[in-house]
Amino acid sequence: AGPVESKNEGAMSEMVPEPRQKPVVPTKPTGINANLLGYIGIDTIIEQMRKKTMKTGFDFNIMVVGQSGLGKSTLVNTLFKSQVSRKSSGWNREEKIPKTVEIKAIGHVIEEGGVKMKLTVIDTPGFGDQINNENCWEPIEKYINEQYEKFLKEEVNIARKKRIPDTRVHCCLYFISPTGHSLRPLDLEFMKHLSKVVNIIPVIAKADTMTLEEKTEFKQRVRKELEVNGIEFYPQKEFDEDLEDKTENDKIRQESMPFAVVGSDKEYQVNGKRVLGRKTPWGIIEVENLSHCEFALLRDFVIRTHLQDLKEVTHNIHYETYRAKRLNDNGGLPPMTVETEENHESNL
């Protein structure tokens, strides 16, 4: 009996499970496959697009139009907090007054938070300064169309560039003189001709020359005159993509437009803070204070909320309209010049 019992005990001891060992936790991979164990989801495409865009950077071309002395250069400098525009685009008494509108494009590269933006400011000195201002908008319209033509020629090339330089005007700030009465016939004619080819944002310059009541009344009068004359400014109603865009843009169209602004590149001490402003005998007008002027609304509108949309409307609406008309008029291709013929032969 003894040996049999010991045999059974040995069998039972064999059936007792051994304690399981803890699984070895794999170390975090290094090198190329370091991100394989990270979060995987469709929304990671946003991060991919962000990295790609930060490498290539942005192009933004803004045009300023208006009479001399309305503070166009100062406002653009205030808008981007850099000296991106010439201090004075006028002329001295000794210089000969130009017969037509001159167009000066000044390019800069602005970098902030690792994001590069190639900013081009297109100034139009001489606009509306003559005694006879008949058709003075034609050089501006010609310049805008020339940029569309330049982009179109690059696009239809057989061996075109991977990234076509974008010189098209994305935004046109039109400066209205703060008369407090009504728009001049020149203002109406300019916006009527150019609202179909470029995004126009009307701006009342030097709004500190009017009282708050005069400013509100003038804004309402300008909006009514634009509506009566069938002039559409940016953001246009027909380009609202959804209900959210429509609600936001309706508020801008009915309350903010045209923006009554004050520009200044000088800083002053107000309540222990450094602020941009203009000094007057009765106090300091703070540029970024909404109770003083609407510069902050304009800056947010152009840069923070609608900059990409300005570019998209320019490409998808204004440029496409120009492109369709040009290709239709010329049987599908731009007319051949000596330069394009040589390029065509070299490509072949």
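The values are calculated or read from the model by the stated rules, or taken from the named source; none is laboratory data. The shown structure was predicted, so the numbers you read here are calculated from the model rather than taken from an experiment. A quick note on method: Cβ atoms are made from the backbone with ideal geometry, for glycine too, and the neighbour counts reach across all protein chains shown. Side chains are part of the model used for accessible areas, which takes the heavy atoms of the whole protein and leaves out ligands, DNA and RNA. Shrake-Rupley method; radii C 1.70, N 1.55, O 1.52, S 1.80 Å.
Give, as a single signed number, the net charge of other residues whose beta carbon lies under 14 Å from the beta carbon of His318, with Lys and Arg counted +1 and Asp and Glu -1. Write down the numbers at each step before the final one.
On the way: positive: Arg168, Lys196, Lys311, Arg323, Lys325, Arg326; negative: Glu141, Glu146, Glu149, Asp166, Glu232, Glu238, Asp309, Glu312, Glu320.
With Lys, Arg at +1 and Asp, Glu at -1, the neighbours total -3.
Give me the net charge of Glu248's neighbourhood, meaning all other residues with Cβ under 14 Å from the Cβ of Glu248; Lys, Arg count +1, Asp, Glu -1. Neighbour charge sum, excluding Glu248 itself: -4. Taking amide H as placed 1.01 Å from N in the peptide plane, Asp59 has its amide H under 5 Å from the amide H of Lys118, each at least 5 places away in sequence or on another chain. Using the Karplus relation 6.51 cos²θ - 1.76 cosθ + 1.60 with θ = phi - 60°, the per-residue 3J(HN,Hα) values for segment 227-238 come to 5, 4, 8, x, 9, 9, 10, 6, x, 6, 4, 6 Hz, with x marking Gly and Pro.
Of all lysines in the structure, the ones whose alpha carbon falls short of 17 Å from that of Lys251, not counting any fewer than 8 places away in one chain, are Lys219, Lys224, Lys237.
Modelled label positions at Leu327 and Ile252, each set 7 Å beyond Cα in the direction of Cβ, lie 2.9 nm from each other. Please report how far the C-alpha centroid of segment 111-159 lies from that of segment 163-233, rounded to the nearest whole angstrom. That distance is 18 Å.
In whole percent, and with a 1.4 Å probe on the protein chains, what portion of the accessible area of segment 140-232 is carbon and sulfur? With neighbouring chains kept in place, the figure for segment 140-232 is 51 percent.
Between Lys150 and Ile110, 0.36 nm times their residue separation minus their Cα-Cα distance comes to what?
On the way: separation 40, 0.36 × 40 = 14.40 nm, distance 2.42 nm.
Here the answer is 12.0 nm.
In this rough spin-label picture, where each label sits 7 Å from Cα along the Cβ direction, the Arg160-Arg304 distance is 3.6 nm. Around the amide H of Gly126, modelled in the peptide plane, lie the amide H atoms of Ser68, all under 5 Å away and 5 or more residues distant in sequence or on another chain.
Here the calculated FRET efficiency for Tyr268 and Leu186, from their Cβ-Cβ distance with R0 = 41 Å, stands at 0.70, rounded to the nearest 0.05.
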